[in-house]
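The values are calculated or read from the model by the stated rules, or taken from the named source; none is laboratory data. Remember, it's a predicted structure, so these values are computed and weren't measured experimentally. Virtual Cβ from ideal backbone geometry, glycine too; neighbours counted across all protein chains shown. The protein model used for the area step is the full one, side chains on, heavy atoms only, and it has no ligands, DNA or RNA in it. Shrake-Rupley method; radii C 1.70, N 1.55, O 1.52, S 1.80 Å.
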Amino acid sequence: HETVYCVQPGDSLLGIAELFSAAVPGLAAANPHLDLKKLIPGQLITVPAGSYGRIIDARAEYGHAELQRDLDAMESEYPFLERTVIGYSVLHKPIYAVRLGEGPRKIQINAAMHANEWITAPLLMSFVEDAADACAHGRNVGGVDIRKLIQGAEVWFVPLVNPDGVELVQEGMRQDHPFFSELLQWNRQSQRFAKWKANIRGVDLNDQFPAFWEEEVRRREASGPGPRDYPGPAPLSEPEAQALYSFTQEREF
């Protein structure tokens, strides 16, 4: 059964979620008429039954829509996180990066570069949530003082490098997909994309970077676009790889 809760002074969205072991996305869905980023004492919030108790729900498929929703909730709860867009995918989905810490060492951790490895995205976002919560409340993660750790490091997380490919793996494609004919050809006329690793143009993003790109071409022996291993027509031909490359140059990780 649903529960109705009256917002009290000092309440936060995550605090209410923890109080009822509810998921933040579930709270948002149950209260579309409210701005949950700006809670006002006296407001009535519907708390759905059977929720999860975290912002990041790593128990189900996770893609671009889930990432955007969770980043909104994380920014509201942990204002010391910084979100930026480092580029756009072939289908113009933003590629997000999230910063934690301001120390002199600069570190980047990315996930979901291969489409069928999308599970790395919710795993990385779960770690971001744990680390942010530890910073907010002075807790340790794995026995490590996170506040002290990030005094020496600036960590940037890029949780979804290949949003178009992840969407293809999880949702398949309709006939109005802009690459419908090409994807059918590249996937040997099959509409089963569970093993697809590449981006939406059939380029393996992990083989796109300038260092030893020619060696990758020789080693992979992929004749053209497909589910995996095609390094592309040239280094950095794909916007997702270009985004990571430019971001790395800019930040000097």
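Structure above, values below:
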| read-out | value |
| --- | --- |
| Counted residues, segment 117-135 - those being in a loop (DSSP other than H, G, I, E, B) and either small (G, A, S) or surrounded by fewer than 21 Cβ atoms within 10 Å (Cβ to Cβ) (or both) | 1 |
| Residue ID - surrounded by the fewest Cβ atoms within 10 Å (Cβ to Cβ), chosen from residues in segment 1-39 that are within 26 Å of the chain's Cα centre (by Cα) and β-branched (V, I, T) | I16 |
| Residue, surrounded by the most Cβ atoms within 10 Å (Cβ to Cβ), within segment 56-86, restricted to residues that are polar (S, T, N, Q) and not in a strand (DSSP E or B) | S76 |
| The listed residue being modelled with pLDDT of 95 or more and either touching a Lys or Arg at 6+ places or on another chain (Cβ under 9 Å) or acidic (D, E) (or both), out of A121, A134, A198, A112 | A198 |
| The lone exception for E250 - which of (1) at pLDDT 95 or above; (2) in a loop (DSSP other than H, G, I, E, B) it fails | (2) |
| Boolean, G87 is of a type outside the set (K, R), modelled with pLDDT under 95 and out of contact with any Phe, Trp or Tyr (no Cβ under 7 Å at 6 or more places or on another chain) | no |
| Sole exception among (1) part of a loop (DSSP other than H, G, I, E, B); (2) farther than 18 Å from Y78 by Cα; (3) of a type in the set (G, A, S) for A29, by number | (1) |
| Filter pass, Y230 being among the aromatic types (F, W, Y) and out of contact with any helix residue (DSSP H, G or I) (no Cβ under 9 Å at 6 or more places or on another chain) | no |
| Residues satisfying the stated conditions in segment 169-190, i.e. loosely packed, with under 13 Cβ neighbours inside 10 Å and charged (D, E, K, R) | E171, R174, D176, R188 |
| Pick from segment 209-253, criterion farther than 23 Å from V155 by Cα and touching a Leu at 6+ places or on another chain (Cβ under 8 Å), ranking: surrounded by the most Cβ atoms within 10 Å (Cβ to Cβ) | E238 |
| Residue that is modelled with the highest pLDDT, among those in segment 201-213 that are within 15 Å of T248 (Cβ to Cβ) and under 19 Å from the mean Cα position of the chain (by Cα) | L205 |
| Test: residue in segment 205-223 that is of a type in the set (K, R) and in contact with a strand residue (DSSP E or B) (Cβ under 6 Å, 6 or more places away or on another chain) | no |
| Meets criteria (at pLDDT below 90 and at positive phi) for S76 | no |
| Test: residue in segment 207-221 that is farther than 18 Å from A111 by Cβ, among the β-branched types (V, I, T) and in contact (Cβ under 8 Å) with a residue 12 or more places away in the chain | yes |
| Residues that are part of a strand (DSSP E or B) and closer than 30 Å to L168 by Cα, drawn from segment 102-116 | I107, Q108, I109, N110 |
| Odd one out for S89 among (1) without any contact (Cβ under 8 Å) to a residue 60 or more places away in the chain; (2) of a type outside the set (K, R); (3) open to solvent by less than 20 Å² (accessible area, probe 1.4 Å); (4) within 20 Å of I200 (Cα to Cα) | (1) |
